Amino acid sequence: MPIILVVDDSETDRKLIGGLLKCKLDWIVQYASDGAEATKLVEQIFPDVVVTDLQMPVMNGIELCAEVKREHPHVPVLLTTGVGSEALAVDALKAGAASYVPKNSLASSLVETVEQVLAVSGRQRINDCLLTQSMESRHSFELENDQNLILAMVDFLTKEMAAVGVGGNAEQRQASIALEEAMLNAMFHGNLELNSSQVQEARRSFHDGQISKDVEKRVSNSTFSSRRLFVTLELSKEKVKMKVRDQGRGFDAKCQFENAGNLEQFSGSGESGRGLTLIKSFSDKVQFDQAGNTILMTLNIETPEAEVVAN
């Protein structure tokens, strides 16, 4: 049974978050009122995920994230962000946080995001036994619009990073979530051309291990069924390159880049915006092609500064 540690100095917010998480009957929810208390509880209860507010007394969310990453690298930290803390959220993501959810989106996104982080972390623990013998690897895939292949691809990436010895648990987790977000966007927005509300339901079904009705209809429609996802992975000791291309209509990449540093705008623009924010925060360089249906993400293990450019 997964243990979720909720950290927030507001009792009202702790109860709200705990109530949302308890909808999953097999999840055990524990609480801490600040980062200092949380670090002690992490030692005692060994949580599977820490869900923490950013701005707290004694020890804030960024400091807690750094402490957990240093002492317990297998434990992912998920942030909840209030209005005005967008820049801090980006800093925390770069410092090793697994994901984030704006507080005004808790009801719609919290459980799904925790499920995503749990799934990635669980798969990482299984893959940690792989020996790091390969020096580098390169793989290319042509995939049908089968959302189960997204999970298989993320698992494959984690195994390859462990085998090549690229980064630690935090870097592997970040690369996995970035790849998953890029593939979800490419399949649902790109190839299947779902609208925002349909994408939200498709993502919710995906993280519940289900397929939404809209996805089922589109994959059986000849207009969309012939489209493919193309994924290329290049790994070495120093970096990871991940390229995802769909056969959809693309989008205005220039417009996206003009707003690429504004987390608040992304947070208000739906799951695709939130996904792009995660991708940007977890990558050192993000590039789109001119058509807007190919994304190249580069993670330099020794280069933490993020750069975003448009071709």
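The values are calculated or read from the model by the stated rules, or taken from the named source; none is laboratory data. Bear in mind the structure is a predicted one, so any value in this text is a computation, not a measurement. Counting neighbours? That spans all protein chains shown, and the Cβs are built from the backbone with ideal geometry, glycine included.
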For the condition closer than 30 Å to residue 75 by Cβ, surrounded by fewer than 17 Cβ atoms within 10 Å (Cβ to Cβ) and assigned by TED's automatic domain parsing to the domain that holds residue 146, what is the one hit in 210, 200? 210
Of (1) under 20 Å from residue 50 (Cβ atoms); (2) in a helix (DSSP H, G or I); (3) at pLDDT 85 or above, residue 97 fails just (2)
Take residue 75 and tell me if it is outside any loop (DSSP other than H, G, I, E, B) and either assigned by TED's automatic domain parsing to the domain that holds residue 30 or crowded, with 20+ Cβ neighbours inside 10 Å (or both). no
Filtering strands (runs of 3 or more DSSP E) wholly in the range 200-311 for at least 1 residues that are of a type in the set (Asp, Glu) and modelled with pLDDT under 90 gives 307-310
Inside the range 1-29, the number of residues satisfying the requirement of being of a type in the set (S, T, N, Q) and exposed (fewer than 13 other Cβ atoms within 10 Å of the Cβ) is 1
